[in-house]
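As structure tokens, the structure follows; a few thoughts come after it.
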Amino acid sequence: MTDNAGEAGPRGQCFCMGTGPELFALLKKLGPDTARQHFRNARIEMLKGFRAIIDRRIEQLSRPEDKKGATIVVE
């Protein structure tokens, strides 16, 4: 017997392996809007964290490269 949870049609298994629909059902059962608001805020904070990481990397790549080596005065 095979478990069809997580299948995404003829292409095979979904990345979430069936967890997505289960989590969605769980969130619907949480009831209070305050719990849903906490999860929404957590998603926003995660995205802000990713944005900070990306912004830092862009800043690093945008800096002009330092010249390597030393200048020697020749007489």
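The values are calculated or read from the model by the stated rules, or taken from the named source; none is laboratory data. Just so it is clear, the model here is predicted, and its values are computed rather than measured. In this analysis, Cβ positions are derived from the backbone assuming ideal geometry, glycine residues included, and neighbour counts consider all displayed protein chains.
If you check ARG36 against the conditions, is it at pLDDT 85 or above and either within 30 Å of ALA25 (Cα to Cα) or surrounded by fewer than 10 Cβ atoms within 10 Å (Cβ to Cβ) (or both)?
Answer is no for this residue.
In this structure, does LYS28 turn out to be outside any helix (DSSP H, G or I), on the phi < 0 side of the Ramachandran plot and modelled with pLDDT under 80? Break it down into steps so the answer makes sense when it comes.
Numbers: outside any helix (DSSP H, G or I): no; on the phi < 0 side of the Ramachandran plot: yes; modelled with pLDDT under 80: yes.
Judged against the criteria, LYS28 is not a match.
Any residue that is surrounded by 10 or more Cβ atoms within 10 Å (Cβ to Cβ) and either modelled with pLDDT of 80 or more or not aliphatic (A, V, I, L, M) (or both) - is there at least one of those in region 4-12?
Just the residues of region 4-12 that are surrounded by 10 or more Cβ atoms within 10 Å (Cβ to Cβ), to begin with: 5-8.
Filter once more, keeping what is either modelled with pLDDT of 80 or more or not aliphatic (A, V, I, L, M) (or both): 6-7.
Within region 4-12 (the criterion being surrounded by 10 or more Cβ atoms within 10 Å (Cβ to Cβ) and either modelled with pLDDT of 80 or more or not aliphatic (A, V, I, L, M) (or both)), the answer is yes, since at least one residue qualifies.
Here is a list of conditions, (1) surrounded by fewer than 10 Cβ atoms within 10 Å (Cβ to Cβ); (2) modelled with pLDDT of 90 or more; (3) polar (S, T, N, Q), and ASN41 meets all of them except one; can you say which number that is?
ASN41 satisfies every listed condition except (1).
Just wondering, is there one or more residues in region 54-63 that are within 30 Å of PHE24 (Cβ to Cβ) and surrounded by 10 or more Cβ atoms within 10 Å (Cβ to Cβ)?
Yes: region 54-63 contains one or more residues that are within 30 Å of PHE24 (Cβ to Cβ) and surrounded by 10 or more Cβ atoms within 10 Å (Cβ to Cβ).
Which members of region 17-57 meet the condition of being hydrophobic (A, V, I, L, M, F, W, C) and under 17 Å from the mean Cα position of the chain (by Cα)? Lay out the reasoning, then the answer.
Residues of region 17-57 hydrophobic (A, V, I, L, M, F, W, C): 17, 23-27, 30, 35, 39, 42, 44, 46-47, 50, 52-54.
Scanning region 17-57 gives PHE39, ALA42, ILE44, MET46, LEU47, PHE50, ALA52, ILE53, ILE54.
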